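A quick write-up on the structure given underneath.
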Amino acid sequence: MLIVGELINTSRKPIKEAIEREDAAYIRDIAVKQAEAGADYIDINCGTLIHNEPEIMAWLVNTVREVVDVPLCIDSPDPRVLETGLKLATSGRPMLNSITAEPDRFEAVLPLAKRFNARVVALCMDNDGIPSTAEKRIEIVRKLVENLTAAGVERGDIYIDPLVKPLSISDQAGLEVLEAVGFIRQAYPDVHIICGLSNVSFGLPNRRILNQVFMVQLMTAGMDSYILDPLDREMMGFYHASRALLGKDPFCAGYLKAHRSGLYRRD
């Protein structure tokens, strides 16, 4: 099981404002808190600042590396920015977010994954965009796994993202992803499955409840990695409890460690 801390993302207003005022202390504090809360990777995403994204990516990566040894997930739609971040992400094996089944993007990003020996987040998306059915996701998954492994990427380094859509625009959005996750886990047991949870609740009230329940459902279906807010104590509580109940936490060691750390105490 793997958690990618999602908070250093310029789509979040506090991060964007911290960058604008060059507040490295704020960025470092967020990185440290995520690592202490159990993040296995720290995601770095400045994709909303497209006019100077490479420079900001370099600044963010260097700032985070000053205070944590947790490896980084370099997250951008721009291969040039991915390269900038991966060059600097020298603590452990980096993660590259992301590659897709779109031929142009696949060919542009694959050499970076191989050059930097990066784990690869592979989005279930092709030239037709985000799939609207589980069947289409499965078709894209087959293509991604086949092409990545043929290029020399180990299955254990592939993290398939089935792409969660908002439940507010499609009442089948959750079910589509659950069905795709079940297929991936059965067909490719060595491949990892990852997603950002918060999309499912976009536009709806009580978003945290939907996110938390969906995380448990996805883990039960076979998902083993998440991009989430590790500072959300309730979410992390559900994460550790689900792992224990599904037999993925030998002797409940992770659950007990989280308990001793005070994770389940309410302020």
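The values are calculated or read from the model by the stated rules, or taken from the named source; none is laboratory data. Since the structure is predicted, the reported quantities are computational estimates derived from the model, not experimental observations. Because the Cβ atoms are built from the backbone with ideal geometry, glycine has one as well, and the counts that use them run over all protein chains shown. What goes into the accessible areas is simple: the full protein's heavy atoms, side chains included, and nothing from ligands, DNA or RNA. Shrake-Rupley method; radii C 1.70, N 1.55, O 1.52, S 1.80 Å.
Brief remarks on what is shown
- For region 238-253, the tally of residues that are without any contact (Cβ under 8 Å) to a residue 40 or more places away in the chain and either over 25 Å from V121 (Cα atoms) or assigned to a loop (DSSP other than H, G, I, E, B) (or both) stands at 10.
- The numbered conditions (1) within 20 Å of the chain's Cα centre (by Cα); (2) under 22 Å from T220 (Cβ atoms); (3) of a type in the set (A, V, I, L, M) are all true for L148 except (2).
- Yes/no for K33 being under 20 Å from the mean Cα position of the chain (by Cα), closer than 14 Å to V70 by Cα and surrounded by fewer than 17 Cβ atoms within 10 Å (Cβ to Cβ): yes
- Checked against (1) assigned to a helix (DSSP H, G or I); (2) within 16 Å of the chain's Cα centre (by Cα), V109 meets all criteria but (2).
- Residues (of a type outside the set (A, V, I, L, M), outside any helix (DSSP H, G or I) and modelled with pLDDT of 95 or more) located in region 51-76: N52, E66, D69, P71, C73, D75, S76
- Residue match in region 134-143 (condition: farther than 17 Å from R185 by Cα and open to solvent by 30 Å² or more (accessible area, probe 1.4 Å)): no
- Flag for L72 being touching a helix residue (DSSP H, G or I) at 6+ places or on another chain (Cβ under 7 Å) and touching a residue at least 60 places away in the same chain (Cβ under 8 Å): no
- Checking T100, T63, T84 one by one, the residue that is more than 18 Å from I160 (Cβ to Cβ), of a type in the set (S, T, Y) and not assigned by the TED database to the domain that holds G5 is T84 and no other.
- Top-ranked residue in region 66-85 [being over 21 Å from E20 (Cβ atoms) and more than 16 Å from the chain's Cα centre (by Cα); ranked as least open to solvent (accessible area, probe 1.4 Å)]: V68
Per-residue answers, yes or no, for (1) free of Cβ contacts under 8 Å to residues at least 40 places away in the same chain; (2) touching an Asp or Glu at 6+ places or on another chain (Cβ under 8 Å); (3) at positive phi; (4) assigned by the TED database to the domain that holds C124:
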| position | (1), (2), (3), (4) |
| --- | --- |
| R155 | yes, yes, no, yes |
| K165 | yes, yes, no, yes |
| E176 | no, no, no, yes |
| F183 | no, no, no, yes |
| G203 | yes, no, yes, yes |
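- Complete set of residues in region 254-267 that are in a loop (DSSP other than H, G, I, E, B) and surrounded by fewer than 17 Cβ atoms within 10 Å (Cβ to Cβ): S261, G262, Y264, R265, R266, D267
- In region 77-102, the residues that are within 17 Å of L49 (Cβ to Cβ) and not in a helix (DSSP H, G or I): P77, D78, N97
- If you go through region 193-227 and keep only what is open to solvent by less than 10 Å² (accessible area, probe 1.4 Å) and within 12 Å of M1 (Cβ to Cβ), you end up with I193, I194, M215, L218, M219, M223, S225, Y226.
- When the residues of region 36-59 are filtered to those that are open to solvent by 20 Å² or more (accessible area, probe 1.4 Å) and of a type in the set (A, V, I, L, M), the one that is nearest to the chain's Cα centre (by Cα) is A37.
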